[in-house]
Amino acid sequence: MRISTPLICTLTAAGALLAVPGTAAAAPTSSPLRPMASLAAERLATADLVAAAKWGTDSPIDDPAREQQVLDSVAAQAEQLGADPDDARRVFRDQIAANKIVQRGLFARWTAHPEQAPTIRPDLNVVRQTINRINTDLVRTLADTTAERTTPACGPELVVAVVEVHHEKHPDLLHTGALVRSVASVCRA
C-alpha cells in the first residue's frame, strides 16, 4: 500500500489540528466526502465494542482469518457495484488497522486502569452484524464517490470531511488518530 506524501501530510495536519482543544469549534462547509468520513467514524465506534467483547478472553486483537473474510466480502460488493475491488480492499485495510489501533489503545488503558475495564462483554456476533452493515454502506459510498476520490481536490476535501465529523462527534485523542488513519487510502489522485 502506497499513500501519497501530500495526503499523509494533509491528514497528519488535520489530526494535529483536531487534537488541539477548541480548534474545530466552527464547522466548515460540507465536503462531498463527508458520508465516507462519517461511516468511517461509525465503523470505528464499533472498535470499543469489539475490544470489550475480546477483553479478558483468548480472542486476539489480530484476527487474520476474519480480516480476510471482510476484505473478500467488500471486494465482491465493490465488484457488484462496478467499483474497483482493489480500491475497496485498500480502504478496508485502513479501516481494520484503525479499528485495531482503538482496540490496542483500550486494552492498554484497561490494563493500566482495571477499574475502567468493561464489566459486560458484548456479543461479538451481534457487533459484527453492525460492522457488516456499515461495511456495505461504506462500499456503496466508495462506489458513489469514485469521481471525487480521483481528483487532486480529494485530499483537502477529505480533511474538511474529517474535521466536520470530528466537530459533530467529538472523539477523544485515541479515536481521532484512528479516524485519520482509517481514511488514509480514500483518495486515489
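The values are calculated or read from the model by the stated rules, or taken from the named source; none is laboratory data. Predicted model, so just to flag it, every value in this text is computed and none were measured. Glycine gets a Cβ as well: all are built from the backbone with ideal geometry, and neighbour counts include every protein chain shown. Heads up: the accessible areas ignore ligands, DNA and RNA and are worked out on the full protein's heavy atoms, side chains in. Shrake-Rupley method; radii C 1.70, N 1.55, O 1.52, S 1.80 Å.
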Q. Hey, residue 147 hits all of (1) touching a helix residue (DSSP H, G or I) at 6+ places or on another chain (Cβ under 9 Å); (2) in a helix (DSSP H, G or I); (3) closer than 22 Å to residue 30 by Cα but one; which does it fall short on?
A. (1)
(Q) If a residue must be within 15 Å of residue 124 (Cα to Cα), of a type in the set (Asp, Glu) and either assigned to a helix (DSSP H, G or I) or free of Cβ contacts under 8 Å to residues at least 12 places away in the same chain (or both), how many such residues does the stretch 36-73 contain? (A) 4
(Q) Yes or no: the stretch 115-125 includes at least one residue that is assigned to a helix (DSSP H, G or I) and open to solvent by less than 80 Å² (accessible area, probe 1.4 Å). (A) yes
Q: Quick one: in the stretch 32-74, of everything that is closer than 14 Å to residue 105 by Cβ and of a type in the set (Val, Ile, Thr), which residue is most open to solvent (accessible area, probe 1.4 Å)?
A: 61
Q) Which pairs do you get when a residue that is outside any helix (DSSP H, G or I), found in the stretch 74-95, comes within reach of a residue that is among the small types (Gly, Ala, Ser), reach meaning Cβ atoms under 6 angstrom, with the pair 6+ apart or on two chains? A) 81/143; 83/143
